[in-house]
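First up is the structure itself, then whatever we jot down about it.
The numbers here are math on the coordinates, done by the rules we state, and not lab data. Just so it is clear, the model here is predicted, and its values are computed rather than measured. Neighbour counts are summed over all protein chains in view; Cβ atoms, including those assigned to glycine, are modelled from backbone coordinates with ideal geometry.
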Amino acid sequence: MAALAAAGCLAAGAAHADDAGRVSVSPVDSGGARVSVTALPALAQNQAPATPGAPGAPSAPTHMPAPADAAPGQVVVGGKVPDEATHSAVLARLRETYGARNVVDQIEVGGVATPPNWSANVQKLLGPQLKQISKGQLKIDGTQIDVKGEVSNESQRQQIASDMANALNPTYTIRNGLRVSASEQGLLDTTLANRTIEFETGSALLTPQGRAILDQMAAVLAKMSGKTVEIIGHTDNSGSRTSNIALSQARADAVKGYLVTKGVAPRAMTTMGVGPDQPIASNDTGDGRARNRRIEFRVGQ
């Protein structure tokens, strides 16, 4: 098998994203290769490393070397890879992302087997998108990928897993353990709780269910003095892009208008419609299209 884990600023993905919990996958090779990465971002300077086995701490893969003393911002990469080419490729990608001086190499080479094209697939997961996650862990174990850590909002949490899922073939599985940070953005996302603010079909008229969710959002927004919240409308890709952008803008404006009637200051909200341009799921299925038809709340300064 093959594994890669990270605590700090890391993201990962696979051909199947699962938010529900542990995913069972078929064994690849009982001997396999393991790579573990630990990233300690500047944002976590004052946070002590998690103790293995403690609640919320990443589980340590077997055959892992003891972690090096890492300074804030460093990435410690360890474990085993099948050959020097994979070793060099992993290091190159991490150095490109974090800077050569911030990558601590603890990788062992040889004595393991990996699934076909594993090195190339691992490289697809190591890039600038990793910096979107703080206090994170990335683990690639054969064809199973686990990603944990904090992101700034719910849309980003879903988008990271979706993007990575699309990068790899269907033999890979991802468990999305990302969470929204405990912040004002996190409070908004928790209130929305993955629910969809519904409108009448093809219009910007809110349904009773949509208004009920906005009643809850209004109570939260009223407490966020001094912050501007951007209301972003999204659609699926059915129909023309031009009409979808217009519809998404109208729906965002409708949400703002309703919140104003509930006491939220107009100056505290801005609106934008992006139509189908920022999907969080595939538009090839009805469920995916439904997820893409959404309203997003994003906290500004």
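The residues VAL76, VAL299, when put in order of fewest to most other Cβ atoms within 10 Å, stand as VAL299, VAL76.
Loop-located trypsin sites (Lys or Arg not before Pro) in the range 209-301 (DSSP state not H, G, I, E or B) with no more than 12 neighbouring Cβ atoms inside 10 Å: LYS223. As a proxy for reagent exposure, ranking GLU154, GLU198 by other Cβ atoms within 10 Å from fewest up yields GLU198, GLU154.
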